[in-house]
């Protein structure tokens, strides 16, 4: 049986962020790509606040830099240009592959597995048994295995709860009637929105609902939306998956197991943005372990949990009266929000700054650092 300081189960954005920081901090870390289920849908858009959390450059996987947003509406499209980038576009498979590569270069070991069979905890540590019979022991286990989280089911006997749901596909550029700007269409589906994300050689098209028990996007609905918006309903790489939005309701720590990313429910409910929460939770889990205070991980996440609670309240109000909210977006609110995103602020911080509730100085990062300077305190650097 192999022994490690930390095992990270799941090699997406949360798992790779944790593995990079742990390895940089001197821990012996094993990153396991479990490969369970289908790849989660991810439009691959990175807000500036997410982009600033990476410990390495992403230039090689950035396909588009976005400073203009298109908002369709009953009276026609409203195109909003803010004069500075508020988002960059990546292809999720390329982004994940780069992050796994960088974690390995930093010192994390990496292995492929076809799933987890069992997990056992004791005062001495955690034993993880894979379906192929391999067993690994570590002081701590970071569960970065997605919204379905087989590890949570093994440990607690149930999933974390209902969250959001997204359905997406790719349309190659040669099939398009026109190449669109980044588009958020709040009239595309009840209790959610449709999106078009340009990626150079293709457009990522999708439908999102913020609570999957209230509305559920179907493949036919996605095809209809693609045909209306792109002039083509021949879709490639169709995928659907739940998104974790339950951090405000479930503990991210179970003994020596720290849940991160979608497994922790760290995704924002309004738009389903999950990468920032994945990076924050993965890095904070690593920080707690490196400090010898893994039990403090929920405390470190408290600021982000409070942010998600505020965003969830805003989400309920927005989708309850979506036509009014969309009208406000198209007639003045969207530029304010996009400028906040361009500065690296969260949605809640942008709202507070807009209301003048943050007197003096820059709004603060959910984990305590200023948004204009997220490079302080990097492990190993």
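The values are calculated or read from the model by the stated rules, or taken from the named source; none is laboratory data. Note that this is a predicted model, so its numbers are computed, not measured. We place every Cβ from the backbone using ideal geometry, glycine too, and count neighbours over all the protein chains shown.
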Out of (1) within 22 Å of the chain's Cα centre (by Cα); (2) in the same structural domain as residue 20 (by TED's automatic domain parsing); (3) more than 26 Å from residue 21 (Cβ to Cβ), the odd one out for residue 186 is which?
(2)
Can you name the condition, by its number, that residue 142 falls short on among (1) more than 30 Å from residue 292 (Cβ to Cβ); (2) surrounded by 24 or more Cβ atoms within 10 Å (Cβ to Cβ)?
(1)
Here are 43, 18: which of them is in contact with a strand residue (DSSP E or B) (Cβ under 6 Å, 6 or more places away or on another chain), surrounded by 21 or more Cβ atoms within 10 Å (Cβ to Cβ) and modelled with pLDDT under 95?
43
Options 152, 190; residue that is more than 26 Å from residue 63 (Cα to Cα) and either at pLDDT 95 or above or surrounded by 19 or more Cβ atoms within 10 Å (Cβ to Cβ) (or both)
152
Return yes when residue 231 is in contact with a helix residue (DSSP H, G or I) (Cβ under 8 Å, 6 or more places away or on another chain) and touching a residue at least 24 places away in the same chain (Cβ under 8 Å) and no when it is not.
no
Count - residues of segment 181-201 that are farther than 21 Å from residue 94 by Cβ and touching a strand residue (DSSP E or B) at 6+ places or on another chain (Cβ under 7 Å)
11
Right, residue 113: at pLDDT below 95 and within 30 Å of residue 156 (Cα to Cα) or not?
yes
With the structure loaded, tell me whether residue 207 is within 19 Å of residue 318 (Cβ to Cβ) and at pLDDT 95 or above or whether it fails that test.
yes
Residues being under 18 Å from residue 6 (Cβ atoms) and part of a loop (DSSP other than H, G, I, E, B) - total across segment 101-118:
3
Criterion first (within 26 Å of residue 344 (Cβ to Cβ), not assigned by TED's automatic domain parsing to the domain that holds residue 171 and not in a strand (DSSP E or B)) does residue 63 satisfy it?
no
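Residues are listed down the side, and each one gets a yes or a no for (1) touching a strand residue (DSSP E or B) at 6+ places or on another chain (Cβ under 7 Å); (2) touching a residue at least 40 places away in the same chain (Cβ under 8 Å); (3) part of a helix (DSSP H, G or I); (4) farther than 30 Å from residue 79 by Cβ:
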position	(1), (2), (3), (4)
268	no, yes, no, no
280	no, yes, yes, yes
296	no, no, yes, yes
304	no, yes, yes, yes
307	no, yes, yes, no
313	no, no, yes, no
334	yes, yes, yes, no
350	no, no, yes, no
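Going by the structure shown, is residue 128 in contact (Cβ under 8 Å) with a residue 24 or more places away in the chain and under 30 Å from residue 198 (Cβ atoms)?
Working: in contact (Cβ under 8 Å) with a residue 24 or more places away in the chain: yes; under 30 Å from residue 198 (Cβ atoms): no.
The answer is no for residue 128.
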